[in-house]
Structures are given as C-alpha cells and as structure tokens.
1. Using the Cα atoms of region 14-58 to build a convex hull, what is its mean projected area in square nanometres?
2. Just want to confirm a number: the relative contact order over region 128-180, from Cα pairs under 8 angstrom separated by 6+ residues, in percent.
3. From the phi angles alone, apply the Karplus equation (6.51, -1.76, 1.60; θ = phi - 60°) to region 126-132 and give each ³J(HN,Hα) in whole Hz, x where the residue is Gly or Pro.
4. Helix 35-47: angle to the longest alpha-carbon principal axis of the chain, degrees 0 to 90, nearest 10?
5. Using the Cα atoms of the chain to build a convex hull, what is its mean projected area in square nanometres?
6. So what is the 222 nm mean residue ellipticity for the chain from helices alone, if each DSSP H run of at least 4 adds -39500 (n - 2.57) and you divide by all residues, rounding to the nearest 500 deg cm²/dmol?
7. For Ala125, what residues show an amide H to amide H distance below 5 Å, using hydrogens built from the backbone and excluding near sequence neighbours?
8. Which of His141, His111 has the fewest other C-beta atoms within 10 Å, and how do the rest follow up to the most?
Amino acid sequence: MTPRPEDPARLVGDDDRETAVQRLREAYAKGHISHEEMDERLDQVLSARTRGDLATPLAALPDEEAGATSTIGAATGRIKRRGAWRVPRSLKVESAFGNVDLDLSKAIIEHPVVDIELRVGTGRAKITVPRDAIVETEGLHTGLKDARYTPRHPARPGGPKIRITGSMGFGRLKIRHSRR
C-alpha cells in the first residue's frame, strides 16, 4: 500500500484525531512535552477541523516508533497468532500458499485503531476480533470468494477499530467476534 500525500485542506476524521491524541500521550509519557504543553496541544487537536490544523500541535514531536509496524510472512505453511500477543499499530500479513489464523480476542491491543494489511495468495484467512471491536473491510479486495463478516449489533463503545485492507487471491477471509 503506497502512502497518499497529506492534503492539509482535508477534513480531520475521528481516526486522525485519535492518532494525534495517542502521539501526544506517548510524547508526554516519554517526557518530550510538559503537562501544560500537552493540555494546550490536546485542545488544538480536539478543535482541529483540517489536516493542516493538526500540523501545529504535532510539530516538533518525535516521529512515531518504527516498531509500530510489523510484518508476518510465510511462503507456505500456516501463520498463526493466539493468546496474549502484542498487536502492533500496523500489521502486514503475507502468505503465498498457506492459511492465516489471527486471534485478537486475548491479544494486547494498545492502539485505538489497528490496521491489518493482508496479502494472501491461495489459502484461507480467519481473524477473530475482540467482542467490542469495530471492523472495517472497505480496503480489502477479494478474488474468487467474498469475505464473510457479520457486524455485531449494537457495537459497544470503547472497543478498538480494526481496519482490514489488502488482497485475498483464491481463498476466503472469515472474520468473527469473540464470544467473551
């Protein structure tokens, strides 16, 4: 996925605002900004209307950690993550001929938004998300079989947003919410 150039006139969405607030919290926790400076910058972020308005409160902050993106890959075989594993802000999963099984129900999710980019050739993919998660699949392209996902109604507030993008070749993606 190629990054799009930032348009300063583009309106700020909830995801943009959440990401900016998270960056401010991290900078404060690491001692890069004072409490008063964080309060002032939070006010600017919460009142920002465009991307350009977000540039000022985020200026001079350290870049996001490089470890925020991870890649899991296998040419053949199974990719499987279960239990209490730490989910990065952005996860790329690449599998040419194997199956993918990601269980986020007991995972440690520290970010309000998690991006999962799938690159699956043949084989199936199964993703289990937390019960209160909100799942978006608009950026996912499927080959022969459509993704199977039924959103929970009503979605509980406060859960993480899981955005699934990428492409599925000949396999099927099944997404389900955890029961606990």
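Any read-out appearing in this document is the output of simple, stated calculations on the displayed coordinates, not a laboratory observation. What you see is a predicted model, and the numbers here were worked out from it, not measured in a lab. When we count neighbours, we look across all protein chains shown, and the Cβ atoms used for this are built from the backbone with ideal geometry, even at glycine.
1. Numbers: hull surface 10.6 nm².
Result: 2.7 nm².
2. The value is 56 percent.
3. 10, 10, 9, 9, x, 4, 9
4. For 35-47 against the chain, the angle is about 70 degrees.
5. Numbers: hull surface 45.2 nm².
If you wrap the Cα atoms of the chain in a convex hull and average its projections, you get 11.3 nm².
6. Working: 3 runs with 37 residues, N = 180.
Estimated from H runs of four or more residues: -6500 deg cm²/dmol.
7. Long-range HN contacts for Ala125: Val100, Arg172, Leu173, Lys174.
8. Working: His141 11, His111 16.
In order of increasing Cβ crowding within 10 Å: His141, His111.
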